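Quick notes on the structure that follows.
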Amino acid sequence: MLLLPLLLLVVILPGGDNKDMFQWPTSYHIIPIWTFANSSWAQNQGSGWLDDLQIQGWDSDLGTTIFLKSWSKGNFSDEEMTELQDPFGVYFIGFTRVVQDHVSEFQVEYPFVIQVIAGCELHSGEAIGSSLRGALGGLDFVRIQNDSCVPAPNSGSRGQKFCALMTQYQGTSNIIERLLSETCPRYLLGVLDAGKAELQKQVKPEAWLSSNTTPGPGHLLLVCHVSGFYPKPVWVMWMRGEQEQPGTQQGDIMPNADWTWYLRVTLDVAAGEAAGLSCRLKYSSLGEQDIILYWGHPASISLILVAIIVPSLILSICLALWFWRCW
């Protein structure tokens, strides 16, 4: 019974036969999370991911999958998804009850969280690996790979007990492994094909500069903002001439609401040394034309636009007046 929810988490993956594979992204994973506050209250959440792009969620109240994109079902029909979701919801609840029944056996104290990540990766259209990992309170607990259960090094007796329990459900374990190694790659190929147009889009970034004072007196924190780009890989660096500044600090690349990305890159400098610095941005859709923003010239882009737009506007007005007089 302990493994049935994990089985249903994998069964929900649709199948597909399309071999037309592009290189990005290359993995699909489902991430279910159970939060246990006490013996009578628990909450479950779930999501599905292509690399670091979420394409599915889970409505724990209704027991249904939330498809965040029109192509998130791959090549599964609505009827097929419904047939899978009903038992999936039942076993999601069942797993909660089973865990609560085994709390004392595994010497777990409330509150605690169980996290699972299961999925597969592809390379050149072929599966190169599938795995299922379980964590307790954010620490690795067990890993299921190649039809075997391996306790995490720091899981102690808990991981060993869980793997021993799995031997009683060898048939279920075999099904899980087959679904991970066969069904998951087929689904990944299908959903990549269904979402190819959106996944392969190219959105050019926008960039701007700002500054903040730092705790140190007489210092500035120069900030280079890059936003609205897709896909994710980007190179941003503070420069002095052609020299990269070693103090450049890059933050995490964060998602925007429209499926593009945002990045914040900073440099802590003495206020008197800020002149002559620039932020340089390289991105695939820009080709060889890097974006370079010079510190101390925040209006440079605006001035260029004014230099282009104002003469055109004046010319248009003059032509309009000339035609009006001639008319």
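For the stretch 32-52, a tally of residues being of a type outside the set (Ser, Thr, Tyr) and either in a loop (DSSP other than H, G, I, E, B) or open to solvent by 50 Å² or more (accessible area, probe 1.4 Å) (or both) returns 7. Listed by first and then second residue, the pairs linking a residue in the stretch 194-207 that is within 21 Å of ASP290 (Cα to Cα) to a residue that is part of a strand (DSSP E or B) and among the aliphatic types (A, V, I, L, M), with Cβ atoms under 7 Å apart and 6 or more places separating them unless they lie on different chains, are PRO205/VAL226; PRO205/LEU281; ALA207/VAL226; ALA207/LEU281; ALA207/ILE291; ALA207/LEU293. Select from the stretch 75-109 the residues that are open to solvent by less than 60 Å² (accessible area, probe 1.4 Å), farther than 30 Å from SER155 by Cβ and at pLDDT 80 or above and list them in ascending order. The one that is open to solvent by less than 60 Å² (accessible area, probe 1.4 Å), farther than 30 Å from SER155 by Cβ and at pLDDT 80 or above: SER77.
Of the strands (runs of 3 or more DSSP E) lying entirely inside the stretch 131-223, those carrying at least 2 residues that are open to solvent by less than 20 Å² (accessible area, probe 1.4 Å) and farther than 30 Å from SER285 by Cβ are 139-145.
Taking every residue in the stretch 52-65 that is of a type in the set (Phe, Trp, Tyr) and pairing it with any residue that is surrounded by 14 or more Cβ atoms within 10 Å (Cβ to Cβ) and in a strand (DSSP E or B), at least 6 positions away or on another chain, the pairs with Cβ-Cβ distances below 8 Å are TRP58/PRO32; TRP58/ASN44; TRP58/GLN45; TRP58/GLY46; TRP58/SER47; TRP58/THR64; TRP58/THR65; TRP58/ILE66.
Consider the stretch 246-295 and keep the residues that are of a type outside the set (A, V, I, L, M, F, W, C) and over 29 Å from LEU53 (Cα atoms). The one that is least open to solvent (accessible area, probe 1.4 Å) is SER278. If you go through the stretch 53-74 and keep only what is in a loop (DSSP other than H, G, I, E, B) and either modelled with pLDDT of 85 or more or open to solvent by less than 70 Å² (accessible area, probe 1.4 Å) (or both), you end up with SER60, GLY63, LEU68, LYS69, SER70, TRP71, SER72, LYS73, GLY74.
The values are calculated or read from the model by the stated rules, or taken from the named source; none is laboratory data. Bear in mind that the values here come from a model prediction, so they are computed numbers and not experimental data. Using ideal geometry, Cβ is built from the backbone for each residue, glycine included, and neighbour counts are taken over all protein chains shown. Calculation scope for accessible area: heavy atoms of the full protein, side chains included, ligands and nucleic acids excluded. Shrake-Rupley method; radii C 1.70, N 1.55, O 1.52, S 1.80 Å.
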